[in-house]
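Read the structure below first, then the notes.
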Amino acid sequence: MNVDIKTTAVTQIRQTFSHVARQLGGDKPASRYQEATIGMQPMVNFHYRPLWQPEMEVYDVRRTKLVMRDWYTFKDPRQFYYGTYTIARSRQQETMERNLEFVDKRGLLRDLPEALRAKLIFTLVPLRHAEWGANTNNCYMTAYGFGVAITQATMFHSMDRLGLAQYLSRIGLSLDGNSGDSLAEGKRLWLEDPAWQGIRRLIENMMVCEDWFELFVAQNLVLDGLLQPLIFQNFEQGFAKAHGPALSLVTEFSNNWFDETSRWVDATIKTAVGESPANAELVQQWIADWRLAAREALAPYAAAVFVDAADDEVSSVEAVLDNRLTKLGLKAKAAA
């Protein structure tokens with residue numbers, strides 16, 4: 001018996017899905033990020049309006065004062081959809097687990113002098129509550145935002161904040177020998193210590209901000225743009241010079257994460273303000289208002305952490321934020 005093997009070439013009729021092709025302006029090859037993002041926002045066939053807000057649809061562009069002709073103009077420069085996001089974070093988590101195990105096994109934080117351990121607990125552990133607040137705020141953006149190009153990224157960002165809170169908890173456990181005393185002390189500081197009350201008040205005020213894009217500006221651009229580099233760059237670098245690299249190992253993810261997510265935040269802001277002069281003016285006002293509030297909130301905390309150098313440290317992170325705003329075509333000078 002003869003077996004005749006033949007090959008058949010299958011010609012692809014379309015390059016991508018119809019709704020993606022319409023967005024791209026023709027039947028062009030699309031990336032997996034584009035196919036996982038474009039056209040995913042529910043637009044029709046809502047069966048009910050929110051009982052708590054009957055004047056709105058479930059997904060409604062009027063939930064923010066920002067106006068966009070096309071909400072899919074926003075792009076994530078990281079090209080994150082579920083698959084790429086989880087793969088990236090899984091690899092980073094493996095590195096962090098090795099770092100934490102290395103530090104914990106050798107007691108690099110646990111064996112520090114008591115005064116230094118108390119300093120680290122005061123400076124870092126209460127931040128886990130601030131990260132929970134950031135998680136809640138980004139969940140709000142995801143729930144009430146419009147356009148999957150933004151809301152899927154804010155959901156990823158929300159889960160990142162839980163991860164940051166967990167790493168801060170792990171740092172606390174490394175400091176107290178896994179007794180959990182540092183976590184209880186961190187909660188007490190967050191609730192009672194005067195140096196932390198400004199940040200706590202600011203986070204709580206953000207939680208009642210109804211405009212989800214204003215909240216995006218307040219949390220992800222302004223507060224994170226000041227607090228993250230203040231602690232995970234300025235404080236961490238100063239501590240490493242004086243006491244070795246142990247803290248640097250357990251805050252590596254925080255530094256890398258901030259650099260990565262800043263690209264997405266900046267791209268989102270740039271797209272929003274580039275849409276219209278009205279958007280630019282609106283975002284500029286939000287930045288000015290929340291930056292003034294953030295500066296007042298950070299002042300007592302910075303004074304407690306950096307003592308005599310507090311003004312210089314805050315000025316340095318303000319300069320970094322100014323540089324970001326200038327690149328986005330916004331006014332860098334903060335409100336007085």
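Go through segment 44-76 and report how many residues are more than 24 Å from the chain's Cα centre (by Cα) and in contact (Cβ under 8 Å) with a residue 24 or more places away in the chain. Steps first, answer last, please.
The first filter runs over segment 44-76 and keeps only residues more than 24 Å from the chain's Cα centre (by Cα), leaving 44-58, 69.
Remaining after also requiring in contact (Cβ under 8 Å) with a residue 24 or more places away in the chain: 69.
Qualifying residue count, segment 44-76: 1.
Restricting attention to segment 109-139, which residues are closer than 18 Å to SER174 by Cα and among the charged types (D, E, K, R)?
ARG110, ASP111, GLU114, ARG117, LYS119, ARG128
Considering each residue of segment 180-196, count those that are within 11 Å of PRO126 (Cβ to Cβ) and open to solvent by less than 70 Å² (accessible area, probe 1.4 Å), and give that number.
Here is the first cut: in segment 180-196, the residues within 11 Å of PRO126 (Cβ to Cβ) are 182-183, 185-193, 195-196.
From what is left, the residues that are open to solvent by less than 70 Å² (accessible area, probe 1.4 Å) are 182-183, 185-186, 189-190, 193, 195-196.
Residues meeting the conditions: 9.
Residues of segment 153-167 being closer than 18 Å to MET40 by Cβ and open to solvent by less than 20 Å² (accessible area, probe 1.4 Å), which ones?
Scanning segment 153-167 gives ALA153, THR154, HIS157, SER158.
On the given criteria, is ALA149 in contact with a helix residue (DSSP H, G or I) (Cβ under 6 Å, 6 or more places away or on another chain), at pLDDT below 95, among the hydrophobic types (A, V, I, L, M, F, W, C) and crowded, with 19+ Cβ neighbours inside 10 Å? First the steps, then the outcome.
On the way: in contact with a helix residue (DSSP H, G or I) (Cβ under 6 Å, 6 or more places away or on another chain): yes; at pLDDT below 95: yes; among the hydrophobic types (A, V, I, L, M, F, W, C): yes; crowded, with 19+ Cβ neighbours inside 10 Å: yes.
Taking the combined requirement at face value, the residue satisfies it.
Scan the helices (runs of 4 or more DSSP H) fully inside segment 202-321 and keep the ones with 3 or more residues being open to solvent by less than 50 Å² (accessible area, probe 1.4 Å), aromatic (Phe, Trp, Tyr) and closer than 24 Å to LYS65 by Cβ.
On the way: elements: 212-216, 224-229, 236-243, 246-250, 252-275, 277-306.
The helices (runs of 4 or more DSSP H) meeting that bar are 212-216.
Out of the residues in segment 30-44 meeting the condition of being over 17 Å from TRP212 (Cα atoms) and assigned to a loop (DSSP other than H, G, I, E, B), tell me which one is least open to solvent (accessible area, probe 1.4 Å). Spell out the reasoning first.
Start the filter on segment 30-44 by keeping residues that are over 17 Å from TRP212 (Cα atoms), which leaves 30-40, 42-44.
When the remaining residues are screened for being assigned to a loop (DSSP other than H, G, I, E, B), the result is 30-31, 38-40, 42-44.
Values: ALA30: 29, SER31: 43, ILE38: 12, GLY39: 42, MET40: 91, PRO42: 57, MET43: 122, VAL44: 104 Å².
Selected residue: ILE38.
So ALA240 clears everything in (1) within 19 Å of the chain's Cα centre (by Cα); (2) within 22 Å of GLU101 (Cα to Cα); (3) among the small types (Gly, Ala, Ser) except one condition, right? Which one?
Every condition holds for ALA240 apart from (1).
Confirm whether LEU325 is in contact (Cβ under 8 Å) with a residue 24 or more places away in the chain, crowded, with 21+ Cβ neighbours inside 10 Å and not basic (Lys, Arg).
On the way: in contact (Cβ under 8 Å) with a residue 24 or more places away in the chain: yes; crowded, with 21+ Cβ neighbours inside 10 Å: yes; not basic (Lys, Arg): yes.
Answer is yes for this residue.
Quick test for you: out of ALA218, ALA246, ALA240, ALA280, pick the one residue that is without any contact (Cβ under 8 Å) to a residue 12 or more places away in the chain and farther than 16 Å from VAL314 by Cα.
On the way: ALA218 fails: without any contact (Cβ under 8 Å) to a residue 12 or more places away in the chain; ALA246 fails: without any contact (Cβ under 8 Å) to a residue 12 or more places away in the chain; ALA280 fails: without any contact (Cβ under 8 Å) to a residue 12 or more places away in the chain.
Just one listed residue meets the conditions, ALA240.
Restricting to segment 45-72, name every residue that is part of a helix (DSSP H, G or I) and crowded, with 16+ Cβ neighbours inside 10 Å. If you could, list the steps in order and put the result at the bottom.
In the first step, residues of segment 45-72 are kept if they are part of a helix (DSSP H, G or I); the result is 61-63, 71-72.
The answer is ARG63, TRP71, TYR72.
Sort out which residues of segment 217-253 are of a type in the set (A, V, I, L, M, F, W, C) and in contact with a Ser or Thr (Cβ under 6 Å, 6 or more places away or on another chain), and write them in order of number. Steps first, please.
Within segment 217-253, the first condition is being of a type in the set (A, V, I, L, M, F, W, C), and the residues that meet it are 217-218, 221-223, 226-227, 230-232, 235, 239-240, 242, 246-247, 249-250, 253.
Within segment 217-253, PHE232, ALA240 qualify.
What are the residues in segment 16-26 that are part of a loop (DSSP other than H, G, I, E, B) and open to solvent by 80 Å² or more (accessible area, probe 1.4 Å), if any? Break it down stepwise before answering.
In the first step, residues of segment 16-26 are kept if they are part of a loop (DSSP other than H, G, I, E, B); the result is 16-17, 25-26.
Within segment 16-26, PHE17 is the sole residue that qualifies.
Considering ASP211, ASP224, which residue is within 22 Å of VAL148 (Cα to Cα) and either of a type outside the set (Phe, Trp, Tyr) or more than 17 Å from the chain's Cα centre (by Cα) (or both)? Quick ask: steps written out before the conclusion?
Numbers: ASP224 fails: within 22 Å of VAL148 (Cα to Cα).
Result of the check over ASP211, ASP224: ASP211.
Being open to solvent by less than 10 Å² (accessible area, probe 1.4 Å) and closer than 15 Å to MET159 by Cβ is the filter here, so list the residues in segment 133-146 that pass it. Walk me through it before giving the result.
Of all residues in segment 133-146, those open to solvent by less than 10 Å² (accessible area, probe 1.4 Å) come to 133-134, 137-138, 141, 145.
Listed by number, the residues that qualify are GLY133, ALA134, ASN137, ASN138, MET141.
The values are calculated or read from the model by the stated rules, or taken from the named source; none is laboratory data. Remember, predicted model here, so these are calculated numbers, not experimental data. Reconstructed Cβ throughout: ideal geometry from the backbone, glycine too, with neighbour counts over all protein chains shown. Surface areas here come from the heavy atoms of the whole protein model, side chains and all, with no ligands, DNA or RNA. Shrake-Rupley method; radii C 1.70, N 1.55, O 1.52, S 1.80 Å.
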